[in-house]
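The values are calculated or read from the model by the stated rules, or taken from the named source; none is laboratory data. Computed from a predicted model, the values in this text were never measured in an experiment. Every residue, glycine among them, receives a Cβ derived from its backbone with ideal geometry; neighbour counts consider all protein chains shown.
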Amino acid sequence: MLLLTLLTVHCFRPTVLMSLLFKKIKVHHGNVDRRLRRVILEDRAEQKQDQHPVKMPNIKVFSGSSHPDLTQRICERLQLDNSKAVLKKFSNKETNVEIVESVRGEDVFIIQSACGEVNDNLMELLIMINACKIASSSQVTAVIPCFPYARQDKKDRSRAPISAKLVANMLSVAGADHIITMDLHASQIQGFFDIPVDNLYAEPAILKYIRESIPEWKESVIVSPDAGGAKRVTSIADRLNVDFALIHKERKRANEVDNMTLVGNVKDKVAILVDDMVDTCGTICLAADKLIEAGAKRVYAFCVHGVLSGPALERLNKSAFEAVVVTNTIPQEDNMRKCPKIKCIDISMILAEAIRRTHNGESVSYLFSNVPM
């Protein structure tokens with residue numbers, strides 16, 4: 001009798017029905033108990049919330065011209081509309097920005113990555129930040145998935161510039177209150193800023209991909225292509241509970257490697273190269289050959305930022321790699337069409353969750369070791 005009454009009153013989900021049965025809610029003379037009515041209303045409200053989640057108030061998400069697809073993915077994840085801005089150039093190639101909608105009192109996020117025409121995109125970002133700041137936005141956060149000039153983070157020769165520090169100064173002067181970025185080439189770049197910087201990591205997404213897409217991952221060796229990436233590689237190896245190896249390289253000049261020495265054993269193992277950035281692919285292709293010579297069964301590469309400039313695609317097509325996995329901090333659609341070995345991990349959910357947590361004043365530490373669903 002109780003079950004029949006419940007089914008006629010409301011179409012319950014199984015979890016709600018079971019909870020009601022366990023609570024032994026009584027039905028008196030065909031009238032539903034007050035507690036039952038309350039549960040029904042709560043369940044209906046929950047269903048409505050599932051169908052139409054509450055939107056975040058006082059937030060604007062703008063896209064620069066470098067990576068509109070990533071911005072669209074983030075906005076869909078947050079269930080927000082992409083805020084409107086007109087981005088174009090004057091006849092003399094100066095950048096012109098028009099923020100179409102009001103940002104007064106709003107929490108503004110501007111998404112712009114270091115790809116394509118890096119200098120033009122950086123200038124566009126600076127102008128957008130400044131335009132929103134002087135239009136009375138409450139806070140402006142620059143979301144920079146791939147940070148520009150990150151490889152110029154120290155004086156490695158006489159009279160060399162520290163361009164990453166210059167970029168940090170420019171962002172602060174433009175009016176940025178907060179920076180969200182991903183896998184900085186050197187973590188000390190965070191210290192170049194006088195404003196908060198959240199340096200997110202693609203490591204949780206990479207770990208998830210390895211476990212799901214490489215059948216023999218338990219028999220793998222995680223390999224760093226240089227000494228600078230040893231910390232990153234050991235972290236991944238520890239979390240997978242596998243061995244790690246290191247390739248020591250001697251460079252004559254940028255993008256050219258003179259000699260390589262493998263430290264570690266990869267014989268009859270699946271070798272997984274991990275690096276933060278891959279550009280012309282000369283180094284990792286030589287590293288793949290070195291690993292095959294050392295007895296590796298198969299070689300994969302995981303790189304967060306797939307710059308893939310110059311002869312990169314040609315080299316990858318001829319390389320010993322089974323697959324080269326990058327993230328979409330930089331657009332990869334054209335590269336994937338030209339090189340079937342390139343696979344892409346979507347990190348929009350990480351950036352979207354970082355934006356949501358930042359806007360709501362929540363901690364982003366969860367994202368350092370977890371992939372939001």
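Details
- Filtered by the rule that a residue be in contact with a Ser or Thr (Cβ under 7 Å, 6 or more places away or on another chain) and on the phi > 0 side of the Ramachandran plot, the stretch 86-108 gives a lone residue, G105.
- Scope the stretch 199-247; condition free of Cβ contacts under 8 Å to residues at least 24 places away in the same chain and either in contact with an Asp or Glu (Cβ under 8 Å, 6 or more places away or on another chain) or outside any helix (DSSP H, G or I) (or both); matching residues: N199, P215, A237, N241, F244, L246
- In the stretch 281-295, the residue that is surrounded by the fewest Cβ atoms within 10 Å (Cβ to Cβ) out of those that are outside any helix (DSSP H, G or I) and either modelled with pLDDT under 95 or in contact with a Leu (Cβ under 8 Å, 6 or more places away or on another chain) (or both) is A294.
- Candidates in the stretch 164-200 are the residues that are touching a strand residue (DSSP E or B) at 6+ places or on another chain (Cβ under 7 Å) and hydroxyl-bearing (S, T, Y); of these, the one that is surrounded by the most Cβ atoms within 10 Å (Cβ to Cβ) is T181.
- Where D226 falls short, out of the listed (1) within 21 Å of the chain's Cα centre (by Cα); (2) over 19 Å from A354 (Cα atoms): (1)
- Residue match in the stretch 338-347 (condition: in contact with a Lys or Arg (Cβ under 8 Å, 6 or more places away or on another chain), under 28 Å from I59 (Cα atoms) and assigned to a loop (DSSP other than H, G, I, E, B)): yes
- Of residues in the stretch 296-318 being among the small types (G, A, S) and buried (at least 21 other Cβ atoms within 10 Å of the Cβ), the one nearest to T261 (Cα to Cα): A296
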